[in-house]
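Let me begin by presenting the structure, written as C-alpha coordinates, before commenting on it.
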Amino acid sequence: MLNYLKSELYRVFHSSGLYLFIGICSLFALSFNCILWAFDSTTTNFPWATIKYSFSTLDTNMYVVLFLTATLTSIIVVDEFKLRTLTNSVAFGISRTQIYISKLLITLLACFLSLFIIESVFIGSGYLLLDTDNSHALRNLLNATVACIPSFIAGCTAFITMYFISGSIASAIWNWIGFIVGIPMITSVLGLKFQFFEWLDSWLIFSVTASYTFDEQSSSLVYLWSSKEGMLHCLLAGFLGTIVFLIVGILKFRKKAL
(Lines give C-alpha, C1' and ligand atoms only; values in the text may rest on other atoms or scores of the structure.)
Protein backbone atom coordinates (compact mmCIF):
# COMPACT_ATOMS: atom_id res chain seq x y z
CA MET A 1 0.00 0.00 0.00
CA LEU A 2 2.89 2.36 0.80
CA ASN A 3 4.29 2.07 -2.72
CA TYR A 4 0.84 2.70 -4.19
CA LEU A 5 0.47 5.77 -1.96
CA LYS A 6 3.84 7.06 -3.14
CA SER A 7 2.91 6.55 -6.78
CA GLU A 8 -0.41 8.36 -6.29
CA LEU A 9 1.33 11.17 -4.43
CA TYR A 10 3.85 11.55 -7.24
CA ARG A 11 1.13 11.49 -9.90
CA VAL A 12 -1.07 14.11 -8.23
CA PHE A 13 1.69 16.56 -7.33
CA HIS A 14 3.38 16.25 -10.72
CA SER A 15 0.23 16.98 -12.71
CA SER A 16 -1.05 20.41 -13.68
CA GLY A 17 -4.67 19.91 -12.60
CA LEU A 18 -4.10 20.55 -8.89
CA TYR A 19 -2.01 23.67 -9.48
CA LEU A 20 -4.43 25.09 -12.04
CA PHE A 21 -7.29 24.64 -9.57
CA ILE A 22 -5.37 26.34 -6.75
CA GLY A 23 -4.22 29.14 -9.05
CA ILE A 24 -7.67 29.88 -10.49
CA CYS A 25 -9.42 29.81 -7.10
CA SER A 26 -6.68 31.94 -5.48
CA LEU A 27 -6.90 34.44 -8.33
CA PHE A 28 -10.66 34.64 -7.92
CA ALA A 29 -10.30 35.20 -4.15
CA LEU A 30 -7.68 37.90 -4.70
CA SER A 31 -9.70 39.54 -7.47
CA PHE A 32 -12.79 39.76 -5.25
CA ASN A 33 -10.91 41.76 -2.60
CA CYS A 34 -9.19 43.84 -5.29
CA ILE A 35 -12.56 44.79 -6.77
CA LEU A 36 -13.85 45.89 -3.37
CA TRP A 37 -10.68 47.94 -2.85
CA ALA A 38 -10.98 49.51 -6.32
CA PHE A 39 -14.60 50.53 -5.74
CA ASP A 40 -13.66 51.97 -2.36
CA SER A 41 -10.88 54.01 -3.99
CA THR A 42 -13.19 55.46 -6.64
CA THR A 43 -16.52 55.71 -4.81
CA THR A 44 -17.37 58.02 -1.93
CA ASN A 45 -18.57 56.25 1.23
CA PHE A 46 -18.46 52.81 -0.33
CA PRO A 47 -19.78 50.60 2.52
CA TRP A 48 -18.59 47.12 1.52
CA ALA A 49 -14.81 47.48 1.36
CA THR A 50 -14.42 45.75 4.73
CA ILE A 51 -13.16 42.36 5.83
CA LYS A 52 -16.52 41.86 7.53
CA TYR A 53 -18.33 41.95 4.18
CA SER A 54 -15.58 40.14 2.27
CA PHE A 55 -15.18 37.28 4.73
CA SER A 56 -18.95 36.94 5.21
CA THR A 57 -19.34 36.09 1.52
CA LEU A 58 -17.42 32.90 2.27
CA ASP A 59 -18.40 31.97 5.82
CA THR A 60 -22.10 32.30 4.93
CA ASN A 61 -21.74 30.21 1.77
CA MET A 62 -19.73 27.20 2.89
CA TYR A 63 -21.76 24.94 0.61
CA VAL A 64 -19.85 26.53 -2.29
CA VAL A 65 -16.63 25.12 -0.83
CA LEU A 66 -18.36 21.74 -0.67
CA PHE A 67 -18.91 21.95 -4.43
CA LEU A 68 -15.27 22.93 -4.90
CA THR A 69 -14.09 19.84 -3.01
CA ALA A 70 -16.07 17.68 -5.43
CA THR A 71 -14.63 19.63 -8.36
CA LEU A 72 -11.06 19.14 -7.16
CA THR A 73 -11.70 15.46 -6.44
CA SER A 74 -12.94 14.95 -9.99
CA ILE A 75 -9.73 16.59 -11.25
CA ILE A 76 -7.44 14.48 -9.06
CA VAL A 77 -9.09 11.12 -9.67
CA VAL A 78 -7.80 9.55 -12.86
CA ASP A 79 -10.42 7.50 -14.74
CA GLU A 80 -8.63 4.22 -14.07
CA PHE A 81 -11.64 2.18 -15.09
CA LYS A 82 -11.38 3.69 -18.56
CA LEU A 83 -7.60 3.31 -18.66
CA ARG A 84 -7.87 -0.22 -17.18
CA THR A 85 -5.01 0.40 -14.75
CA LEU A 86 -6.96 -0.81 -11.71
CA THR A 87 -6.73 -4.37 -13.02
CA ASN A 88 -2.94 -4.08 -13.10
CA SER A 89 -2.85 -2.69 -9.56
CA VAL A 90 -4.96 -5.58 -8.26
CA ALA A 91 -2.83 -8.06 -10.23
CA PHE A 92 0.29 -6.73 -8.50
CA GLY A 93 -1.23 -7.67 -5.13
CA ILE A 94 -2.73 -4.35 -4.03
CA SER A 95 -6.11 -5.00 -2.45
CA ARG A 96 -9.18 -3.00 -3.46
CA THR A 97 -9.49 -1.62 0.07
CA GLN A 98 -5.91 -0.33 -0.12
CA ILE A 99 -6.60 1.27 -3.50
CA TYR A 100 -9.73 2.97 -2.17
CA ILE A 101 -8.06 4.22 1.02
CA SER A 102 -5.00 5.44 -0.91
CA LYS A 103 -7.11 7.39 -3.39
CA LEU A 104 -9.06 8.95 -0.55
CA LEU A 105 -5.99 9.91 1.52
CA ILE A 106 -4.21 11.55 -1.42
CA THR A 107 -7.37 13.41 -2.42
CA LEU A 108 -7.89 14.69 1.12
CA LEU A 109 -4.26 15.83 1.30
CA ALA A 110 -4.65 17.77 -1.95
CA CYS A 111 -7.94 19.28 -0.77
CA PHE A 112 -6.50 20.41 2.57
CA LEU A 113 -3.50 21.95 0.84
CA SER A 114 -5.77 23.76 -1.62
CA LEU A 115 -8.09 25.03 1.12
CA PHE A 116 -5.14 26.33 3.16
CA ILE A 117 -3.54 28.17 0.24
CA ILE A 118 -6.74 29.64 -1.21
CA GLU A 119 -8.13 30.76 2.14
CA SER A 120 -4.74 32.22 3.11
CA VAL A 121 -4.73 34.30 -0.09
CA PHE A 122 -8.29 35.39 0.62
CA ILE A 123 -7.60 36.38 4.23
CA GLY A 124 -4.20 37.96 3.52
CA SER A 125 -5.47 40.10 0.64
CA GLY A 126 -8.46 41.11 2.73
CA TYR A 127 -6.30 42.42 5.56
CA LEU A 128 -3.96 44.08 3.07
CA LEU A 129 -6.57 45.88 0.99
CA LEU A 130 -9.72 46.33 3.08
CA ASP A 131 -10.90 48.01 6.27
CA THR A 132 -10.11 45.81 9.26
CA ASP A 133 -12.25 47.43 11.97
CA ASN A 134 -14.38 44.33 12.60
CA SER A 135 -12.38 42.03 14.89
CA HIS A 136 -14.88 39.15 14.65
CA ALA A 137 -14.73 38.70 10.87
CA LEU A 138 -11.70 36.41 10.88
CA ARG A 139 -12.97 34.42 13.85
CA ASN A 140 -16.33 33.87 12.15
CA LEU A 141 -14.62 32.68 8.97
CA LEU A 142 -12.30 30.30 10.81
CA ASN A 143 -15.18 28.94 12.92
CA ALA A 144 -17.20 28.27 9.78
CA THR A 145 -14.22 26.56 8.14
CA VAL A 146 -13.49 24.32 11.13
CA ALA A 147 -17.17 23.42 11.52
CA CYS A 148 -17.51 22.42 7.87
CA ILE A 149 -14.20 20.58 7.38
CA PRO A 150 -15.77 17.20 8.36
CA SER A 151 -18.51 17.86 5.80
CA PHE A 152 -15.86 18.61 3.17
CA ILE A 153 -14.17 15.31 4.03
CA ALA A 154 -17.52 13.57 3.71
CA GLY A 155 -18.03 15.25 0.33
CA CYS A 156 -14.66 13.97 -0.93
CA THR A 157 -15.39 10.50 0.43
CA ALA A 158 -18.79 10.55 -1.26
CA PHE A 159 -17.26 11.42 -4.63
CA ILE A 160 -14.61 8.70 -4.36
CA THR A 161 -17.36 6.24 -3.42
CA MET A 162 -19.58 7.30 -6.33
CA TYR A 163 -16.62 6.93 -8.67
CA PHE A 164 -15.70 3.42 -7.58
CA ILE A 165 -19.35 2.33 -7.68
CA SER A 166 -20.26 3.89 -11.05
CA GLY A 167 -16.96 3.27 -12.83
CA SER A 168 -16.65 6.69 -14.48
CA ILE A 169 -16.01 10.27 -13.43
CA ALA A 170 -19.00 11.62 -15.38
CA SER A 171 -21.39 9.25 -13.62
CA ALA A 172 -19.77 10.04 -10.26
CA ILE A 173 -20.42 13.75 -10.77
CA TRP A 174 -24.11 13.26 -11.46
CA ASN A 175 -24.53 10.73 -8.66
CA TRP A 176 -22.75 13.08 -6.25
CA ILE A 177 -25.07 15.93 -7.18
CA GLY A 178 -28.08 13.65 -6.78
CA PHE A 179 -27.09 12.36 -3.35
CA ILE A 180 -25.42 15.40 -1.81
CA VAL A 181 -27.68 18.11 -3.25
CA GLY A 182 -30.82 16.40 -4.55
CA ILE A 183 -31.71 14.40 -1.44
CA PRO A 184 -31.39 17.42 0.94
CA MET A 185 -33.68 19.40 -1.37
CA ILE A 186 -36.29 16.65 -1.06
CA THR A 187 -35.92 16.20 2.70
CA SER A 188 -36.09 19.96 3.29
CA VAL A 189 -39.45 20.11 1.50
CA LEU A 190 -40.81 17.00 3.21
CA GLY A 191 -39.51 18.34 6.51
CA LEU A 192 -42.06 21.14 6.33
CA LYS A 193 -44.74 18.50 6.95
CA PHE A 194 -43.02 15.49 8.50
CA GLN A 195 -40.82 15.77 11.59
CA PHE A 196 -38.68 12.77 10.65
CA PHE A 197 -37.54 14.37 7.40
CA GLU A 198 -36.84 17.63 9.22
CA TRP A 199 -34.58 15.69 11.59
CA LEU A 200 -32.95 13.77 8.73
CA ASP A 201 -32.30 16.95 6.77
CA SER A 202 -30.46 18.47 9.73
CA TRP A 203 -27.84 15.68 9.51
CA LEU A 204 -27.14 15.82 5.77
CA ILE A 205 -23.82 17.49 4.94
CA PHE A 206 -25.17 19.89 2.32
CA SER A 207 -27.85 21.08 4.74
CA VAL A 208 -25.24 21.47 7.48
CA THR A 209 -23.03 23.73 5.34
CA ALA A 210 -26.04 25.90 4.42
CA SER A 211 -27.99 25.79 7.69
CA TYR A 212 -29.02 29.11 9.23
CA THR A 213 -31.80 30.92 11.04
CA PHE A 214 -32.84 34.56 10.88
CA ASP A 215 -32.46 36.62 14.04
CA GLU A 216 -35.18 39.27 13.97
CA GLN A 217 -33.62 41.33 16.77
CA SER A 218 -30.29 41.81 15.02
CA SER A 219 -31.71 41.38 11.48
CA SER A 220 -28.90 38.97 10.67
CA LEU A 221 -28.35 35.35 9.73
CA VAL A 222 -27.27 33.00 12.52
CA TYR A 223 -25.48 29.92 11.26
CA LEU A 224 -25.52 26.51 12.90
CA TRP A 225 -21.88 26.65 13.99
CA SER A 226 -22.39 29.93 15.86
CA SER A 227 -23.07 28.02 19.09
CA LYS A 228 -21.10 25.26 20.79
CA GLU A 229 -23.98 22.81 20.35
CA GLY A 230 -24.28 23.75 16.67
CA MET A 231 -20.54 23.39 16.16
CA LEU A 232 -20.65 19.89 17.68
CA HIS A 233 -23.61 19.03 15.45
CA CYS A 234 -21.66 20.13 12.34
CA LEU A 235 -18.59 18.11 13.31
CA LEU A 236 -20.63 15.02 14.13
CA ALA A 237 -22.71 15.22 10.95
CA GLY A 238 -19.58 15.38 8.80
CA PHE A 239 -17.95 12.53 10.72
CA LEU A 240 -21.02 10.30 10.38
CA GLY A 241 -21.33 11.12 6.68
CA THR A 242 -17.69 10.18 6.14
CA ILE A 243 -18.12 6.85 7.94
CA VAL A 244 -21.25 5.98 5.97
CA PHE A 245 -19.74 6.74 2.56
CA LEU A 246 -16.45 5.08 3.53
CA ILE A 247 -18.13 1.79 4.50
CA VAL A 248 -20.40 1.80 1.44
CA GLY A 249 -17.47 2.61 -0.86
CA ILE A 250 -15.22 -0.17 0.43
CA LEU A 251 -17.97 -2.81 0.42
CA LYS A 252 -19.23 -1.91 -3.05
CA PHE A 253 -15.76 -1.65 -4.60
CA ARG A 254 -14.86 -5.11 -3.30
CA LYS A 255 -17.69 -6.53 -5.42
CA LYS A 256 -17.10 -4.30 -8.43
CA ALA A 257 -16.17 -6.10 -11.63
CA LEU A 258 -13.00 -4.65 -13.16
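Lysine pair count for the chain with Cα-Cα distance under 30 Å and sequence separation of 8 or more or different chains is 14.
Enclosing the Cα atoms of the range 1-121 in their convex hull gives a volume equal to 109 cubic angstrom per residue.
A 1.4 Å probe over all protein chains sorts Val12, Val121 by accessible area into Val121, Val12, starting with the largest. Only protein atoms count toward the accessible area here, which uses a 1.4 Å probe; on the range 39-195, the carbon and sulfur part of that area reaches 67 percent. Within the full protein context, the accessible area of Glu8 is estimated at about 10 Å² for a probe radius of 1.4 Å. Each pair of Cα atoms in the range 1-68 enters the Kirkwood radius, and Stokes-Einstein at 25 °C and 0.890 mPa s then converts it into a translational diffusion coefficient of 165 µm²/s.
Against the main long axis of the alpha-carbon atoms of the chain, helix 137-166 sits at an angle near 20°.
Coupling constants for the range 49-61 follow from the phi torsions by the Karplus curve (6.51 cos²θ - 1.76 cosθ + 1.60, θ = phi - 60°), and in residue order they are 8, 10, 5, 4, 6, 4, 5, 5, 5, 9, 5, 9, 9 Hz; glycine and proline get x. In the full protein context, the chain carries 55 Å² of accessible surface per residue, based on a 1.4 Å probe and ignoring ligands, DNA and RNA. Solvent-accessible surface (1.4 Å probe) assigned to Ile22 amounts to roughly 20 Å².
The largest accessible area among Met185, Met231, Met162 belongs to the first residue in Met185, Met231, Met162, and the rest follow in falling order (1.4 Å probe, all chains). Taking the empirical scaling 2.2 N^0.38 Å for compact globular proteins as reference, the chain has a Cα radius of gyration ratio of 1.12.
Reducing the range 163-202 and the range 33-93 to their Cα centroids gives an inter-centroid distance of 21 Å. Of the listed residues Leu66, Leu105, the order by accessible area with a 1.4 Å probe, largest first, is Leu105, Leu66. The share of Cα pairs per 5 Å bin across the range 84-204, counted from zero up to the longest distance, runs 2, 9, 13, 14, 15, 14, 12, 10, 7, 3, 1, 0, 0 percent.
The values are calculated or read from the model by the stated rules, or taken from the named source; none is laboratory data. The structure presented is a predicted model; accordingly, all values stated were derived computationally and were not measured. What goes into the accessible areas is simple: the full protein's heavy atoms, side chains included, and nothing from ligands, DNA or RNA. Shrake-Rupley method; radii C 1.70, N 1.55, O 1.52, S 1.80 Å.
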